[in-house]
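Scroll down for the structure; my scribbles are underneath it.
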Amino acid sequence: MVEIMHSSILELFELRKDALLGGGKKRIEIQHNHGKLTARERIELLLDEGSFEEIDILKVGRSDACDGDVYPGDGVITGHGTISGREVFVFSQDFTVIGGSLGEGHSQKICKIMDLAARVGSPIIGLNDSGGARIQEGVDALAAYGEIFHRNVNASGVIPQISCIMGPCAGGAVYSPSITDFVFMVQQTSYMFVTGPNVVKTVIHKDISFEDLGGAQVHAKKSGVAQFVYPNDILCLRAVRELINYLPSNNRQKAPILDLNDPPERTDPTLDYLVPSQPNQSYDMNVLIYSILDGAEFLEVQPHFAGNIICGFGRMGGQTIGLVANQPAVLAGVLDNNASVKAARFVRFCDAFNIPLICLVDVPGFMPGPEQEHGGIIRHGAKLLYAFIEATVPRITVIVRKAYGGAYVVMNSKHIHCDINYAWPTAEIAVMGARGASEVIYRKEIKAAADPDALLNEKMENYRARYMNPFLAAKRGYIDDVIFPRNTRHRLIRTLQFLESKKSSRSDRKHGNIPL
Ligand code: HXC
């Protein structure tokens, strides 16, 4: 006997077939011609093969808005799947459907999975490709954005939120990503701006291209809005997977342990030669970073912004750590406005998600000058100070070379209660560098000398010998140990091990008031 399939099952086949085509074959072709993948192709690449389960495939938008036209899915694909076996929630905007614009139905779909992600404690990843508020839906579209922003803020510090910008994102489409923890952009095909080039032309009579106004390079290098930039969709999505692998699923968990078969007791004798003998000579802090991390694997965050400070994720003894390091090879590793804000945000993310912090210090101070002062170095530097003090995760510092003045205190020093503070024998812990200090203390003497330069040099030598070492601080107990550079990895891993059970509570208050 031949069974006849129930008509409703056939109907479901048809409805799903329609939905899978989004805005239709022609628009998919245009999307490909622009060097972009479709919303569904992106999800396939992001998630473990075959793991995606769609939610709301049949939901449509408001029929009264677009002359009665409705599209199944309403321009966004939502659901969940796994990355390296762990559950994540994802929405992927479909530019082939009314330019990925956001109306009521579209927003309700996103909000539904955001709620689910927060409830079950899994990361949410948004693949954004949208012309912003759907103009035809008017105030409903604006209200719809508000609902998403509301959820972004409530989920902040509860589940990791990641945004990929994979097309033009204008108006309301940029605010949700900017609240999330990490913004990824794709070169040449993605843009972010509050008002586009046309509005710029009308209002301030300036011609500017999409790329120059809000392209990936602009946001990676100048504005600091984008933490990661990749040349195409495929590499971008692969990088999101890499980031997720470093992170816990929520603020109640710890990051997954990944054993890279790198012995914790591994030493690196070349580190004994890393710091140059001349104090003004620079070196690359990355040498130390890659040497101490498991398998020399490091995911740098904002590598193109404020290169004078390095932030990123690595593993030590299999455990994810957040690393903050001054980079003497860029602006001598000085702290400026951008570096302070970059590191402060990173520190707060790590603290929110139980990721221990390791700080490698070689800092000559804060950047002097009117540009920095007028740009708010007091306010921005205070953000980093605040962020470190506020952090209750294990906090370890290694002073490699310079640790001068206020910048020394800010960089996770013992004085702001880091848990353990090591120094290399090459550390110079002082109120300021030898020249500045000698010029202040011996100003009159030097001015009156027959050979002022010779006397200044002599005073600087004396100052270096007396103050510029870690031993004074170690004698005072401000340094827990002066360690051999080659042993840094081993000491850090042992320290992370004993700090794993660290307990620390915050005072009872609604929230502090970080100097924004
Ligand atoms: C409705 C939209 C749309 C929108 C694009 N489309 N944006 N429909 N509302 N916001 C439609 C187009 O009409 C077009 O439909 C299709 O999507 C593809 O768009 P194109 O313009 O052909 O594509 P492209 O040339 O690649 O340009 C993409 C774009 C451009 C740069 C995004 O469409 C654009 O400038 N859109 C408007 C962007 C904007 O100003 N948004 C801000 C809205 S205000 P057809 O049928 O012709 O193919 C906002 C404020 C929210 O978001 C505040 C919340 C707090």
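Values quoted throughout were computed directly from the atomic coordinates according to the rules given, and no laboratory measurement underlies them. None of the values given here were measured: they were computed from a predicted structure. Backbone-built Cβ (ideal geometry, glycine too); neighbour counts: all protein chains shown.
I'd like the orientation of helix 377-390 relative to the chain: the angle between its Cα long axis and the longest Cα principal axis, in ° from 0 to 90, rounded to 10. It works out to around 80 degrees.
In straight-distance terms, cross-link reach from K444 covers every one of the lysines whose alpha-carbon lies under 22 Å from its own, apart from those fewer than eight places away in the same chain; here that gives K459.
With a ≥ b ≥ c the root eigenvalues of the C-alpha gyration tensor of the stretch 168-215, is it rounded (a/c under 1.5), prolate (a/b larger than b/c) or oblate?
On the way: a/c = 3.19, a/b = 1.65, b/c = 1.93.
It comes out oblate by the Cα gyration axes.
Put simply, the amide H of K402, placed in the peptide plane, has neighbours under 5 Å in V363, E428, leaving out anything fewer than 5 places away on its chain.
Label sites at V409 and F210, each approximated as a point 7 angstrom past Cα along Cα to Cβ, lie 4.9 nm apart.
With +1 on each Lys and Arg Cβ and -1 on each Asp and Glu Cβ, how big is the dipole of the stretch 1-111 about its Cα centre, in debye rounded to the nearest 20? Mind showing how you got there, number by number?
Details: 12 positive and 19 negative charges, 73 e Å.
The dipole magnitude comes to about 340 debye.
Note on N286 and E53: their simple-model spin labels are 4.2 nm apart, each label 7 Å out from Cα toward Cβ. Treating r as the C-beta distance of R443 and R476 and R0 as 30 Å, the FRET efficiency rounds to 0.60.
Summing -39500 (n - 2.57) over the DSSP H runs of n ≥ 4 in the chain and dividing by its residue number, what mean residue ellipticity at 222 nm do you reach, to the nearest 500 deg cm²/dmol?
Values: 19 runs with 195 residues, N = 516.
When only DSSP H runs of four or more count, the value is -11000 deg cm²/dmol.
Between the helical axis of 233-246 and the longest alpha-carbon principal axis of the chain there is an angle of about 60 degrees. Amide H contacts of G103: R134, each under 5 Å away and 5 or more positions distant or on a separate chain (H built 1.01 Å from N in the peptide plane; Pro and chain starts excluded).
The lysines whose alpha-carbon is closer than 28 Å to the alpha-carbon of K206, local same-chain residues fewer than 8 away aside, are K221, K222.
Whole-Hz Karplus values for the stretch 100-109 come out as x, 5, 9, x, 4, x, 4, 5, 4, 5 Hz, taken residue by residue from phi with 6.51 cos²θ - 1.76 cosθ + 1.60 and θ = phi - 60°; glycine and proline positions read x.
Rg/Rh for the stretch 99-245 stands at 0.97; both radii use Cα atoms, and Rh follows the Kirkwood definition.
Over the chain, what is the relative contact order in whole percent, taking alpha-carbon pairs under 8 Å and six or more residues apart?
9
Rounded to the nearest 0.05, the FRET efficiency derived from the C-beta distance between I234 and T267 at R0 = 35 Å is 0.35. Centroid-to-centroid, using Cα positions, the stretch 168-208 and the stretch 259-325 are 34 Å apart.
Taking the inverse of the mean 1/r over every pair of distinct Cα atoms in the chain gives a Kirkwood hydrodynamic radius of 25.2 Å.
Based on the Cβ-Cβ distance from K503 to V120, what FRET efficiency comes out when R0 is 25 Å, to the nearest 0.05? Once rounded, the FRET efficiency stands at 0.40. Partners of K510 within straight-line reach, counting lysines whose Cα lies under 26 Å from its Cα and excluding those fewer than 8 residues away in the same chain: K254, K342, K383, K502. In this Cβ point-charge picture (+1 for Lys and Arg, -1 for Asp and Glu), the chain has a dipole of about 1800 debye about its Cα centre. As a rough guide to protection, the peptides 317-325, 99-107, 210-218, 265-273 ranked by mean Cβ packing within 10 Å, highest first, stand as 99-107, 317-325, 210-218, 265-273. Among rounded, prolate and oblate, which fits the stretch 273-325 when a ≥ b ≥ c are the square roots of the eigenvalues of its C-alpha gyration tensor, a/c under 1.5 means rounded, and a/b larger than b/c means prolate? In terms of gyration-tensor shape, oblate.
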